[in-house]
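The values are calculated or read from the model by the stated rules, or taken from the named source; none is laboratory data. From a predicted model like this one, the values you see are computed outputs, not experimental measurements. Cβ atoms come from the backbone with ideal geometry, glycine included; neighbour counts cover every protein chain shown. These accessible areas exclude ligands, DNA and RNA; they are computed on the full protein's heavy atoms, side chains included. Shrake-Rupley method; radii C 1.70, N 1.55, O 1.52, S 1.80 Å.
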Amino acid sequence: MPPGRRGIGVRLPSPGPTLLLRLHRPRLAHCRGGVTTRAAGRAELPSWVWIYIRARTDTDGTMVSMGQAQPDQTHPPDLEISHDLAFQQRTWAVQRIGWVMMLLFVVAAAVGLFSVGPLSWTQTRDPEGLIALEYERFGRYMAPTTLRLRLEPSATSRDRVAVRMNRALTEDLEIQHIRPAPERMTASPDGMRFEFDIAARGEPANITFSVRPQSIGRLRGEVGLIGHEPARPSLFVYP
Amino acid sequence: MDAFLRATAVYVLLWVLIRISGRRTLSEMTAFDFILLLIIGEATQQALLGEDFSVTNGAIVIITLLSMDVLVALVKSRSQAASKWIDGVPTIIVADGKPLPERLRMARLTEDDILEAARRLQGLERMDQIKYAVLEVSGGISVIPQPPVGQRGRDAVRPHAAE
């Protein structure tokens, strides 16, 4: 007989409403792909049932003998219990997959895939290199985070510098405080303008925005000096 | 809407996590398990309520959770398959005084756990005095003792033969 799938029917006495088969492991070892069982007439079992067993034959084509198939003896006739070993075994298998997923989740959290961590911190610059924005790539809904804006010496050539933020940032992030506080904040159709006094011309300066995400999902921001191309941070906010 | 979504999400998340971590985790509780449960409750509370401390929000969360519970109970009573998915199935772990090692391993139980349950519930001393031990859906182990010596054999496990 060539290797492949074969079916074989076994007639067994009906053990009750739940039918379980115990298949002997030594025999299973010879059969690749395992054995599947399908009980006919689950709802109202007659005193005898036909069980159709599909098995893969061995490499030499020998049919795996099914003569040993018999009802699960540990499913006792005198214990009224809705016992389903096959289901239980599937549950256990799924649980083990679940454990691995929980472990992966913890590792992902540790490296910052869910905000706060090395993978989360990132930096972006504007094309002209006037500013650098450090921020967290991943945020969480309503959890405080910071945007650190660094003004390079080339950006602080005058006493006052005007920074623009687009609406995605000013509306979807609730700005809690800005350090140093801007001298002036003005609204514009596409976002907000912040004007800061510069203490020392030609020196780098840092501005920190403490914010809280107010919306969930992808957030495409623009932060830049007025009249210059902005840096484009992109945040993802988890629910 | 927000509170409803939060409550539903937390309900489903907790169900999945408790189902994955296995039934023994929250039932046969040790002192440490109990503390863990409290911390889980505390962490859940924040996700449930957010920053809205209004009575309305509390009411929405409570009513959503209770409704989910009633709904799940209704589904379980209608369908045995759903009941299996939601709660799991009981598993026989000792048959006729013999522990079933593979099942014990998968259920993260030891023979000592069974003996403990046998002592506590039935005052039994040895494994061979146990007829069946079942790991119940609730996570507890129930023990059925062997009948007294005179009656043994009559009710003992017998292989299925043509009846």
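Return the residues of region A:102-127 that are farther than 14 Å from A:Arg150 by Cβ and in a loop (DSSP other than H, G, I, E, B); say none if nothing qualifies.
A:Gly112, A:Leu113, A:Phe114, A:Ser115, A:Val116, A:Gly117, A:Pro118, A:Leu119, A:Ser120, A:Pro127
Looking only at residues in region A:108-161 that are small (Gly, Ala, Ser) and open to solvent by 20 Å² or more (accessible area, probe 1.4 Å), which one is farthest from B:Gln46 (Cα to Cα)?
Among them, the one singled out is A:Ser157.
When you go through (1) aromatic (Phe, Trp, Tyr); (2) more than 12 Å from chain A (Cβ to nearest Cβ); (3) open to solvent by less than 30 Å² (accessible area, probe 1.4 Å) one by one for B:Tyr132, which number turns out not to apply?
With (1) aromatic (Phe, Trp, Tyr); (2) more than 12 Å from chain A (Cβ to nearest Cβ); (3) open to solvent by less than 30 Å² (accessible area, probe 1.4 Å) applied to B:Tyr132, the lone miss is (2).
Restricting the first residue to region B:90-110 and requiring it to be more than 11 Å from every other protein chain (Cβ to nearest Cβ), which pairs with a second residue that is modelled with pLDDT under 85 meet a Cβ separation below 8 Å and a spacing of at least six or different chains?
Short answer, once both residue conditions are applied: B:Leu109/B:Arg24.
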